[in-house]
Amino acid sequence: VAILYGSFIISWAIQTVFMEEVLRRRQVELGVRMSMARLVHYVLVLVGFMIALSALGFDLKNITILGGALGIGIGFGLQTVVSNFVCGLILLFERPIKVGDVIELGTQRGRVKNLGLRATVVETFDRAVVVVPNTNLISNEVTNWTLADRQMRITIPVGVAYGSDIELVMKTLTEVAEENSLVLKDPAPQILFMAFGASSLDFEFRVWIADFSNRRQVQSDLLLEIDR
């Protein structure tokens, strides 16, 4: 009992030093620090458990053989858990997804709140919390809106009546983009004449914004100004 308790105390101390001193000074992200700390914890507790069994007089060689046999049996029953754990390690070291990223998985879109070794916690924009098994993030297609940067393009379709002044349409849309402070100058806004529609001349109004989180407000502001 003392050895097991000691392994937990040592694990806590090493995690604290590892997270606060080593990883923070190297500016490692919070989600990566937490995952690595958990991994260290599991390893130290396992070592403490083996030492405790040895102190009780168990032959570690026999325990290893027995553990191998049990591992095969448990592996079949807990292969999903093991798969999630391995996928958690892949996410930890490859880092395609980080805490704070905005991701889209199927019909769900939200911000990553916690990146664990078994599952990842995503908070949707409706404040619902979704627990996603790590295998889903590895085996399925995931859209990460903020991995490389937070810039995003907004595309607004605009239809005008036949006979409208096309030059005036393009000039008006250009002015709408220039007057919005959140629309980037580089990349420059684009106004494209796309098609002769069934009942309208169809344009696409494309602008870039610096922060993905402002997309809905900017889109609303642009639509209001276009309508005006």
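The values are calculated or read from the model by the stated rules, or taken from the named source; none is laboratory data. Remember, predicted model here, so these are calculated numbers, not experimental data. Counting neighbours? That spans all protein chains shown, and the Cβs are built from the backbone with ideal geometry, glycine included. Please note that ligands, DNA and RNA were not included when accessible areas were found on the heavy atoms of the full protein model with its side chains. Shrake-Rupley method; radii C 1.70, N 1.55, O 1.52, S 1.80 Å.
Neighbours of residue 224, meaning other residues whose beta-carbon lies under 13 angstrom from its beta-carbon, give a summed charge of -2 when Lys and Arg score +1 and Asp and Glu score -1.
Going by the alpha-carbon gyration tensor, a ≥ b ≥ c the square roots of its eigenvalues, is the stretch 83-126 rounded (a/c under 1.5) or, if a/c is not under 1.5, prolate (a/b greater than b/c) versus oblate? In terms of gyration-tensor shape, prolate.
Across the chain, the mean sequence separation of Cα contacts (distance under 8 Å, 6 or more residues apart), normalised by length, yields a relative contact order of 14 percent. Using the Cβ-Cβ distance between residue 224 and residue 195 with R0 set to 35 Å, the FRET efficiency works out to roughly 0.90. Looking at the stretch 112-201, the chymotrypsin sites (Phe, Trp or Tyr not before Pro) that sit in a DSSP loop and have at most 13 other Cβ atoms within 10 Å of their own Cβ are 125, 162.
Jot down the per residue volume, in cubic angstrom and as a whole number, of the convex hull over the alpha-carbon atoms of the stretch 77-228. Taking only Cα atoms, the stretch 77-228 has a hull volume of 143 Å³ per residue. Computed over protein heavy atoms with a 1.4 Å probe, the carbon and sulfur contribution to the accessible area of the chain reaches 61%.
Rolling a 1.4 Å probe over the heavy atoms of the protein chains gives the stretch 80-203 an accessible area of 58 Å² per residue.
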